[in-house]
């Protein structure tokens, strides 16, 4: 009887630890707005898992998030960035409600696509998404941070360095989802 109770306790502990791990993974890597992510990722020629990863790092899938820099929504887009994209792409009659998940993901994908084309390097584009184009251009022109003017060998802002790292780490999880 003693062995049976011991085996039952081990089975219970294993089940609890597995359930705890799954809960942790789902909390750390939530998945929401899948159809909107997939639609806009395809529209802007981006991997869906990249968009999910950016959303996770930017807002934790909170569509009402507002940063200290006034970036809004799931992908943390500033109104000035959305307005720039409207002008850049000559979009007319564009509704810019960045708290709307469809609008926010669309503008986030549009902006990420723009940055990837501009910098021709994903990590550099991600750094720019976080720190801004002007700052990243300065880093790319500094031999301490870039040897080729395209990729960054070092990112001087710890927040931006951690941001790029987190997005890339999350990609591993989201590749299993999309």
* Meets criteria (touching a strand residue (DSSP E or B) at 6+ places or on another chain (Cβ under 9 Å) and closer than 20 Å to residue 61 by Cα) for residue 79 -> yes
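Considering each of 96, 116, 153 in turn, give the residue that is over 27 Å from residue 64 (Cα atoms), surrounded by fewer than 21 Cβ atoms within 10 Å (Cβ to Cβ) and out of contact with any strand residue (DSSP E or B) (no Cβ under 6 Å at 6 or more places or on another chain).
On the way: 96 fails: over 27 Å from residue 64 (Cα atoms); 116 fails: over 27 Å from residue 64 (Cα atoms).
The conditions single out 153.
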* To do: Go through the residues of the stretch 90-99 one by one and say whether even a single one is within 17 Å of the chain's Cα centre (by Cα), at pLDDT 95 or above and in the same structural domain as residue 50 (by TED's automatic domain parsing).
  => yes
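Go through the stretch 54-72 and give me each residue that's in a loop (DSSP other than H, G, I, E, B), without any contact (Cβ under 8 Å) to a residue 40 or more places away in the chain and over 12 Å from the mean Cα position of the chain (by Cα).
62, 64, 65, 67, 68, 69, 70, 71
Return yes when residue 51 is touching a residue at least 40 places away in the same chain (Cβ under 8 Å), part of a helix (DSSP H, G or I), in contact with a helix residue (DSSP H, G or I) (Cβ under 8 Å, 6 or more places away or on another chain) and more than 23 Å from residue 162 (Cα to Cα) and no when it is not.
no
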* Asked: Here are 108, 73: which of them is surrounded by 20 or more Cβ atoms within 10 Å (Cβ to Cβ), within 15 Å of residue 167 (Cα to Cα) and either in contact with a strand residue (DSSP E or B) (Cβ under 9 Å, 6 or more places away or on another chain) or not assigned by TED's automatic domain parsing to the domain that holds residue 150 (or both)?
  -> 108
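The values are calculated or read from the model by the stated rules, or taken from the named source; none is laboratory data. No experiment lies behind these values; they were computed from the predicted model shown. Don't worry about glycine lacking a Cβ; one is built from the backbone with ideal geometry, like all the others, and counts go over all protein chains shown.
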